[in-house]
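The values are calculated or read from the model by the stated rules, or taken from the named source; none is laboratory data. A quick note: this is a predicted structure, and the numbers were derived from the prediction, not measured. Cβ sites come from the backbone with ideal geometry, for glycine too, and all protein chains shown count toward neighbours.
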Amino acid sequence: MKSNSAIWFDPPVLTPERKLWRAVLGQAYADAQLLPCVDGDESIARASARTFLRADGQIAQVLLKDACESAAIPFDRVVLWARRQYPLAA
């Protein structure tokens, strides 16, 4: 008996390449979580990671979209989460 594909889905196979891209996204998350510098300024790694995860700008959007596709992770969910987690300073 076949199941309804709208209800059930097969998770993506985690190939070595997908694991690598998931590690890239994991490192971006780790960098985005870095504490501010002693003088209160953001570090370059922290600012760059947050810009990447929020997909600020066309280049960051293209790079993040490619990374998410390669990692089999939904791009729109990553961006939505990052924009909530790391809002732009007013």
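Computed values, structure above
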{"item": "The listed residue being modelled with pLDDT of 95 or more and in contact with a Lys or Arg (Cβ under 8 Å, 6 or more places away or on another chain), out of R77, R84, R50, R54", "result": "R54"}
{"item": "Yes/no for F52 being in contact (Cβ under 8 Å) with a residue 24 or more places away in the chain and surrounded by 11 or more Cβ atoms within 10 Å (Cβ to Cβ)", "result": "yes"}
{"item": "Filtered residue count, the range 11-26, keeping only those that are among the aliphatic types (A, V, I, L, M) and outside any helix (DSSP H, G or I)", "result": "2"}
{"item": "Restricting the range 24-38 to residues that are touching a helix residue (DSSP H, G or I) at 6+ places or on another chain (Cβ under 9 Å) and of a type in the set (A, V, I, L, M), the residue that is nearest to V78 (Cα to Cα)", "result": "L25"}
{"item": "Count - residues of the range 57-88 that are closer than 10 Å to W21 by Cα and either among the β-branched types (V, I, T) or touching a Cys at 6+ places or on another chain (Cβ under 6 Å) (or both)", "result": "1"}
{"item": "Residues of the range 21-49 satisfying the condition of being in contact with a Ser or Thr (Cβ under 8 Å, 6 or more places away or on another chain) and free of Cβ contacts under 8 Å to residues at least 40 places away in the same chain", "result": "D31, L34, P36, C37"}
{"item": "Number of the condition not met by R77 [criteria: (1) among the charged types (D, E, K, R); (2) closer than 25 Å to L14 by Cβ; (3) touching a residue at least 12 places away in the same chain (Cβ under 8 Å)]", "result": "(3)"}
{"item": "Residue ID - nearest to R18 (Cα to Cα), chosen from residues in the range 30-43 that are surrounded by fewer than 19 Cβ atoms within 10 Å (Cβ to Cβ) and of a type in the set (A, V, I, L, M, F, W, C)", "result": "A30"}
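Conditions (1) surrounded by 15 or more Cβ atoms within 10 Å (Cβ to Cβ); (2) closer than 23 Å to T15 by Cβ; (3) of a type in the set (D, E, K, R), marked per residue:
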{"residue": "A45", "(1), (2), (3)": "no, no, no"}
{"residue": "S48", "(1), (2), (3)": "yes, no, no"}
{"residue": "I59", "(1), (2), (3)": "no, no, no"}
{"residue": "D66", "(1), (2), (3)": "no, yes, yes"}
{"residue": "I73", "(1), (2), (3)": "yes, yes, no"}
{"residue": "Y86", "(1), (2), (3)": "yes, no, no"}
